[in-house]
Structures are given as structure tokens and as C-alpha cells.
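K.L.:
Sharing a structure, written as C-alpha cells. Questions coming.
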Amino acid sequence: MKNKREDDDMGSEGSGSVLKRQRMDEQSSASGIGNPLVPYNDVDDEDEDFERGKTNNGGGVDGSNTQVVAAENGEDEEEEEDVYGQGDSLERRKSQFEPREDCPYLDTVNRQVLDFDFEKFCSVSLSNLNVYACLVCGKYYQGRGKKSHAYTHSLEAGHHVYINLRTEKVYCLPDGYEIIDPSLDDIRHVLNPRFTRDQVGQIDKNRQWSRALDGSDYLPGMVGLNNIKETDFVNVTIQSLMRVTPLRNFFLIPENYQHCKSPLVQRFGELMRKIWHSRNFKGQVSPHEFLQAVMKVSKKRFRIGQQSDPVEFMAWLLNTLHANLRTSKKNNSIIYECFQGELEVIKESPNKAITEKKQNADDQNSDQRITGGGTKHDIFAETSRMQFLMLGLDLPPPPLFKDVMEKNIIPQVPLFNILKKFDGDTVTEVVRPHVARMKYRVTRLPRYLILHMQRFKKNNFFIEKNPTLVNFPVKNLELKDFIPLPMPKENERLRSKYDLIANIVHDGKPNEGFYRVFVQRKSEELWYEMQDLHVSETLPQMVALSEAYVQIYEQQQ
């Protein structure tokens, strides 16, 4: 009877086949499979499959929908009952679904077409519940019951091997048994890369190249990211944060954040593991799932198809990850452990403005300390401490005139000059929210120091870019020589020397340019230039000859 039914499903294009397909379409629509808003609960447990066959609930829908389908498709219901014969026992049905090691269709698996970087949605119903990937053509289908999309695809296309994207179990359809074969483990590792703590500890010592299925070689951790559509600002941010060792090691072990249900945290961890995985099928990764989570969590502030600023995106990403990962009482997370520093801020304001602020502060029982400063009646100074994750550096304005060769002069400035903004004495003029004079002094240095050069200024008409080049050291940036730092506590050493690990660069005009990044590979202390899918080795001297925009420095231990 089983062969007869399969012949009916795979028959010729005659009238009986057309009527059969129409009934299947009506049945799909009646059971809610075609509507992505209706959940399709085709469970994975084999016992549930047998009970579902026993009660003629082949599509996995609830009882009420089953009755509607049975009423409209009585003929199909009879066929369902006749599949195994009325006299078959439950044990005999179970024997058909016992796991097997000798599946004859394993040689049809095509690893070249498998791509698990995209969202796990059924290509027909657009549902993300119980999705299977066809290991022959790479498409995603929902369920494996007798009225599911994967089952139908197995009959129509003759593709028989499917993997559940959540449980990682592999099944043969339409027979329905589970396939137990160690040759499929490499697919599971690509679907869900995993690391042991020992492997994580050895990553920075690994110098071996990996080989993709197409024969190309790639370095784990140095793989290109696909630019889906003007998403280079995301790619350079991700590539930079990948070089922060404690952050990387934290996200390579999913148990560290399994309590967090945030999709942004989970997708960031998945992307981190895919980039550092040494058994990928291809030497590149698409951040599509991560971008979808970004669009959802940011409420489309950052989205595919619209260029954004890496500084704004990095600040938003770090703060959002911290908010999702922090502990309830200590307000601490891996983000703060890596990047948080502290500043002392002295704000000098005219009398009128500070008087109004003082009154408002008194009304709100503010604990900020307001002291007199400057002229007794003209200026008030307000001293406070604030935490920071990155420091913004002001560039000197470019010259307005051309040189004798009729070319614009591109000025250069040492990094140490613009770092004086944080020496506690240099005055910074601000006009928003009202006119004030600011003084900043670093009171605690972070383990990883993020600096961003304020190259872009917006006015009422356009965005202006400052092309000034910043001269900076790639190694041994000693901060204590240029800004006063607090004395360390007893039995502690002042750590104020930093090495550059990532440098984001902007090329081109403000509205038409693109971003690329220089990153360091620690295992060999080599530098690589990365621009979306393009990855190439470069010299340290080239890193310092670019229009630096965002830099990440690592504290020497």
C-alpha cells in the first residue's frame, strides 16, 4: 500500500495527479501551514509521530483543525488509515522509525550548497518553528509529518536527507527514520560551531590555516564578512571587537550567557563562533541573522540598506549588550570589564545657566557637588565623575587655503597632542545644551581603550569631513607621559602602556565613502586589512598611514 501511495504522489501530470495536488494545497491552507502567523507544531519525538499517525493528525495541527481537514478531505483520511494496514500494531509502526546507520541516500548530501548563515525560516510558510534543512539542495522546510512541507518536498524533488536546525538530528524522508552516521558531524559543527574551554585558551597560539570546500585557504578569525547592502559599518565594528580577547573568549562558550534570552546576545555569540570556527565549509561568513537581530532590537535605527556611523553603532551595541548581560545588583558585565573607564569632569558655566541648574538639582535631591570657581559671581564650576566606554578626540580644523601646487594641504597631528584633552587642564568649549567650559581628567584606565576621532560634523546643509591625519604608535603607547594618571593602590602597578589591536578607517567623501579596518592576528603578530569579503596581509607601517576613525588599544599586562 505504501508503494501505491508514493506512486500516486509522484505520478504523471494526469488529471488524478492534479486533483491530488489541489487537495494537498487545500489541506495545507486549511491546516494553517501556508499562513506564517499560524504556528505549525510538528514535534520531533518519534512516539508523537506514531500517535499522530494513529489519530490521523499527520499535519501536526490541533484537534479542531484536524476535524476540519478530515471533513474536507475524507478521501485522504482513508488513505492515511490504509498506509500501514488496519491490523498493524504500534510496535510494528515503531520499528519503521528506529534509527539506522545504513541510509542509502547519504551520497546525495551536497555540502557545497549548505549555508546556515541565514535566518531559520521555512521557505514556504515563512515560519521559524520546527525547521529542517534539506541536505541535498540546502532549502529550509517546516516539519517532517506526512502533510508537512519537508515531506512534500521529499516526494516531489526526490531529496531524502534532512537535518533539524534546532536538535541537529538527521532524518530520511519520506521513510521518517533517524540517520545515525558520524560522517554528518561536520555539518553539525558548521550549523552550530562549538568550542571547549581548552580550545578557546589555545586560539591565540594557533597558526594553522583551514581549507574550505572550494579549496581556498582561510585563517580562523580572519574571515571576510559579507556586505549585504551598505553594512560595512557593521562589518568593521564586528571585526574590531573580535580582537578583544576576554570578550571573544566569553562569547565562544554559550554557557556563559545561556541565561540571557536577548536575540542580540545570542546572535552575536553565534557570529563570533562562526568567525573563529576552523571547520567552515567556506572561508567567509554572512552576518545576516545578526543584522536581523540588530534591526529588531534597535527598532530599525540601524538597518540593511542604510549607511550608518560605526561610532554610533559600536556605542549602541556595547551598551545594549551590557544591559542584557549585566547582573541585577552589581551592574557589571563582560562589556564593562573590558571597556569601562572613569573620568573626572569639571564644568564651568556662566552664572545664569548654573544657577538654574543648581535650583533644578536641589529640587531633584541631586548628589552632585557644586563648588565655586573662577570669578565669584560670574562662573560656577561643577565637578562630577562619569563612566565611559570610549573617548572622543577633537581634530584641529584643516587649512582653508591651497598650497603653491594648487592642492589642499592635508595636515597631520600627533595622537599625543589631541590626547591632552584629558589632562585635566585643557579647556574644551561646548555650546550644547548651553555654553560651558569643560575639563576632563582620566581617573581610571580601562583594560581596552577605545578612541574615536571626531572627523564628521553636521550642519544645516551637509556633513563635513576633517581629513587630518593622526600620527600614532602601533605599539607601546605610553599614556602617563602625556596625561596625569592616578597613583595605583598598594601592591598594584600602574598599567598605562597600550598596543593597538584594531584601527577602523574611512575612505572617500562623507556621504559616499566606505569603511575598512586593520586588525592584528596575535598568534603571529601580523596585521591584516579587511574590507567586507576582502582580507589581505599588510605591513604595520601601512596601518599608521590612513585616516584613522576608531581605534582599540589593549593594555599591556
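The values are calculated or read from the model by the stated rules, or taken from the named source; none is laboratory data. Bear in mind the structure is a predicted one, so any value in this text is a computation, not a measurement. FYI the Cβ positions are ideal-geometry reconstructions off the backbone, even for glycines, and counts take in every protein chain you see. Keep in mind that these areas ignore ligands, DNA and RNA; they rest on the heavy atoms of the full protein, side chains included. Shrake-Rupley method; radii C 1.70, N 1.55, O 1.52, S 1.80 Å.
K.L.:
In the range 385-409, which residue that is hydrophobic (A, V, I, L, M, F, W, C) and surrounded by 11 or more Cβ atoms within 10 Å (Cβ to Cβ) is modelled with the lowest pLDDT?
P.N.:
409
K.L.:
List, please: which pairs have Cβ atoms under 6 Å, are six or more places apart or on different chains, and start with a residue in the range 486-503 that is in contact (Cβ under 8 Å) with a residue 12 or more places away in the chain and assigned to a strand (DSSP E or B) and end with one that is open to solvent by 70 Å² or more (accessible area, probe 1.4 Å) and charged (D, E, K, R)?
P.N.:
Cβ pairs passing all conditions: 499/475.
K.L.:
Shifting gears a bit: State yes or no: is residue 267 of a type in the set (Lys, Arg) and over 21 Å from residue 325 (Cα atoms)?
P.N.:
no
K.L.:
Then there is this: Taking the range 233-256 as the search range and keeping residues that are open to solvent by 10 Å² or more (accessible area, probe 1.4 Å) and outside any loop (DSSP other than H, G, I, E, B), which one is nearest to residue 267 (Cα to Cα)?
P.N.:
The extreme case among them is 254.
K.L.:
While we're on this one: Quick one: count up the residues across the range 285-317 that are of a type in the set (Asp, Glu) and in contact (Cβ under 8 Å) with a residue 24 or more places away in the chain.
P.N.:
Qualifying residue count for the region: 2.
K.L.:
What number of residues within the range 410-439 satisfy the criterion of being assigned to a strand (DSSP E or B) and either open to solvent by less than 30 Å² (accessible area, probe 1.4 Å) or over 20 Å from residue 350 (Cβ atoms) (or both)?
P.N.:
The total comes to 7.
K.L.:
Something else: When the range 515-557 is examined, which residues are found to be at pLDDT 90 or above, small (Gly, Ala, Ser) and surrounded by 15 or more Cβ atoms within 10 Å (Cβ to Cβ)?
P.N.:
Passing the criteria: only 548.
K.L.:
Also: Hey, any hits in the range 479-496 for a residue that's modelled with pLDDT of 90 or more and open to solvent by 30 Å² or more (accessible area, probe 1.4 Å)?
P.N.:
no
K.L.:
Please enumerate the residues belonging to the range 187-210 that are of a type outside the set (A, V, I, L, M) and not in a loop (DSSP other than H, G, I, E, B).
P.N.:
Once the filter is applied, which keeps residues that are of a type outside the set (A, V, I, L, M) and not in a loop (DSSP other than H, G, I, E, B), the range 187-210 yields 188, 189, 197, 198, 199, 201, 204, 205, 210.
K.L.:
Let me ask you something else. Counting just the residues of the range 286-302 that are out of contact with any Leu (no Cβ under 8 Å at 6 or more places or on another chain) and part of a loop (DSSP other than H, G, I, E, B), which one comes out modelled with the lowest pLDDT?
P.N.:
Going through the qualifying residues, I end up with 300.
K.L.:
Could you pull out the residue among 472, 518, 461 that is of a type in the set (Phe, Trp, Tyr) and touching a residue at least 40 places away in the same chain (Cβ under 8 Å)?
P.N.:
Criteria check complete, one pass: 472.
K.L.:
Further question on the same structure: Quick check on the range 191-221: of everything there that is within 16 Å of the chain's Cα centre (by Cα) and open to solvent by less than 50 Å² (accessible area, probe 1.4 Å), which residue is farthest from residue 504 (Cα to Cα)?
P.N.:
The residue in question is 191.
K.L.:
Out of everything in the range 440-459 that is of a type in the set (S, T, N, Q) and farther than 15 Å from residue 418 by Cβ, what residue ends up being least open to solvent (accessible area, probe 1.4 Å)?
P.N.:
443
K.L.:
I've got another one for you. Restricting to the range 513-530, name every residue that is more than 27 Å from residue 205 (Cβ to Cβ) and out of contact with any Gly (no Cβ under 8 Å at 6 or more places or on another chain).
P.N.:
Listed by number, the residues that qualify are 513, 515, 516.
K.L.:
Of all residues in the range 162-186, which are crowded, with 23+ Cβ neighbours inside 10 Å and assigned to a loop (DSSP other than H, G, I, E, B)?
P.N.:
173
K.L.:
Quick check on this structure: which one of 288, 277 is closer than 23 Å to residue 188 by Cα and touching a strand residue (DSSP E or B) at 6+ places or on another chain (Cβ under 9 Å)?
P.N.:
Going through 288, 277 in turn, just one is closer than 23 Å to residue 188 by Cα and touching a strand residue (DSSP E or B) at 6+ places or on another chain (Cβ under 9 Å): 277.
K.L.:
Counting just the residues of the range 312-326 that are open to solvent by 20 Å² or more (accessible area, probe 1.4 Å) and out of contact with any Leu (no Cβ under 8 Å at 6 or more places or on another chain), which one comes out modelled with the lowest pLDDT?
P.N.:
Among them, the one singled out is 326.
K.L.:
Hey, residue 159 hits all of (1) in contact with a Phe, Trp or Tyr (Cβ under 8 Å, 6 or more places away or on another chain); (2) surrounded by 16 or more Cβ atoms within 10 Å (Cβ to Cβ) but one; which does it fall short on?
P.N.:
(1)
K.L.:
Filter the range 290-307 down to the residues that are open to solvent by 20 Å² or more (accessible area, probe 1.4 Å) and either of a type in the set (Ser, Thr, Tyr) or under 16 Å from residue 262 (Cβ atoms) (or both) and list them by number.
P.N.:
If the condition is that a residue be open to solvent by 20 Å² or more (accessible area, probe 1.4 Å) and either of a type in the set (Ser, Thr, Tyr) or under 16 Å from residue 262 (Cβ atoms) (or both), then 292, 295, 296, 297, 299 are the ones that fit.
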